[in-house]
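See below for the structure under consideration.
The values are calculated or read from the model by the stated rules, or taken from the named source; none is laboratory data. Only a predicted model underlies this, so the values are computations on that prediction, with no experimental measurement involved. Don't worry about glycine lacking a Cβ; one is built from the backbone with ideal geometry, like all the others, and counts go over all protein chains shown. In case anyone asks, the SASA skips ligands and DNA or RNA and just uses the protein heavy atoms, side chains included. Shrake-Rupley method; radii C 1.70, N 1.55, O 1.52, S 1.80 Å.
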Amino acid sequence: MAQQEDTGWKTYEADEALLIHALVKLDADGKITYCDLANGNYIGTTTRAATAAGDLVSVKLRSAPGTHKGRVDEAVATGALLYTAADGELQDTAVASGWHVGVALET
């Protein structure tokens, strides 16, 4: 039977050191790692940092209600459309391999 998550938060094992508020994806082994340009299939954002592989990290799932904090790789304007960038970050520049994630609510 498939798992069901109703709270919008889930804890995963990190596959590498991760920064707080980074977009993450699931690896084939069920651990989380940074989402990047080529694979925008992110599951959510980290709510605390992982200092090393093997750390347990809480993730706010992308389907969770409310706003989501994120890391940007460049200055963005309020209202800018945000797309996946490298290393779990966001950018306001659309690229062919990036995925639209949301809108910046502040600069």
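For GluC sites (Glu not before Pro), the sites in segment 50-107 that DSSP calls loop and that have at most 16 other Cβ atoms within 10 Å are E74, E106.
Here segment 1-86 is assigned +1 on the Cβ of each Lys and Arg and -1 on the Cβ of each Asp and Glu. Its dipole about the Cα centre then comes out at about 320 debye.
Calculated accessible area for the chain comes out at 58 Å² per residue, all protein chains present (probe 1.4 Å; ligands, DNA, RNA ignored). Please state the shape class of segment 23-107: rounded when a/c is under 1.5, otherwise prolate if a/b exceeds b/c and oblate if not, all from the C-alpha gyration tensor. Note, shape of segment 23-107 comes out prolate. Ordering K25, K10 by accessible surface, largest first, gives K10, K25; the 1.4 Å probe counts only protein heavy atoms, with every chain in place. If you sort the three axes of the alpha carbon gyration tensor as a ≥ b ≥ c, you get a/c under 1.5 for segment 4-71, which makes it rounded.
Rolling a 1.4 angstrom probe over segment 8-83 with all protein chains present gives an accessible area of which 54% lies on carbon and sulfur atoms.
The residues I20, I32, sorted by heavy-atom accessible surface at 1.4 Å with ligands and nucleic acids left out, run I20, I32 from largest to smallest.
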